[in-house]
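Read the figures in this text as sums done on the coordinates, not as results from a lab. Remember, predicted model here, so these are calculated numbers, not experimental data. As a convention, Cβ positions derive from the backbone with ideal geometry for all residues, glycine included, and neighbour counts pool all protein chains shown.
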Amino acid sequence: MATPFSVTITTPAEEMWTGEAELVIARSPEGEFGIMNGHVPFLASLVPGRVTVVSGSERQSFAVPGGFLEASGSLEEYHVYLLADDAEEIGEHIDVSEARRRAQELEERRIAEEDVDQEAEARLRAAMAGTQLGRG
């Protein structure tokens, strides 16, 4: 049996799960990975998919559309923090159409926020260029 460590899965809206685990499995753009107690300090962005928390014979899975996972600490106080854009516990049954609808909604929100960021950046560049022209 592996040494358990602390795990926290949270979203901007709520803390989804906190407890002890012996293994956390997630997926980054580079592929699937597993974290156990004592893993080297680790930070990864997450891609849409499943995050599984294993504790003894218990397995809990969560569907996430993306986020970040950070793992660090000593053997005595190791912790994995997972900050997801959203998370839904996957039980024995998951509504696939609802999951797709939520993923589409999050993608649309991300695109809209990206558009706002690009517009703000363009305005800042224009303002800075105007300021530089006036310094003559």
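Size of region 1-92 along its principal axes in angstrom, Cα-based, largest extent first?
Principal axes ranked by extent give 30, 27, 24 Å for the Cα atoms.
Can you compute the FRET efficiency between residue 76 and residue 45 using 1/(1 + (r/R0)^6), with r the Cβ-Cβ distance and R0 = 25 Å? Round to the nearest 0.05.
For R0 = 25 Å, the calculated efficiency reads 0.35.
Taking amide hydrogens as modeled 1.01 Å from N in the peptide plane, which residues meet the under 5 Å criterion relative to residue 67, leaving out close sequence neighbours?
46, 85
Assuming R0 = 25 Å, can you tell me the calculated FRET efficiency for the pair residue 55 and residue 106, based on Cβ-Cβ distance, to the nearest 0.05?
Efficiency for this residue pair is about 0.35.
Mind checking the angle between helix 96-133 and the chain's longest principal axis? C-alpha axes, 0 to 90 degrees, to the nearest 10.
Rounded to the nearest ten degrees, it is 30.
Taking 0.36 nm per residue of separation and subtracting the Cα-Cα distance, what length does fully extending residue 2 through residue 97 add?
Result for the pair: 30.5 nm of gain on full extension.
Please give the calculated 222 nm ellipticity per residue for the chain, where each DSSP H segment of at least 4 residues contributes -39500 (n - 2.57) and the sum is spread over every residue; nearest 500 deg cm²/dmol?
Result for the chain: -10500 deg cm²/dmol, rounded to the nearest 500.
Taking 7 Å along the Cα-to-C-beta vector as the label spot, tell me the residue 17-residue 127 distance in nanometres, rounded to one decimal.
4.4
Just to check I understand the Karplus step: with θ = phi - 60° and J = 6.51 cos²θ - 1.76 cosθ + 1.60, what whole-Hz values come out for region 10-19, glycine and proline as x?
9, 10, x, 8, 6, 7, 7, 7, 9, x
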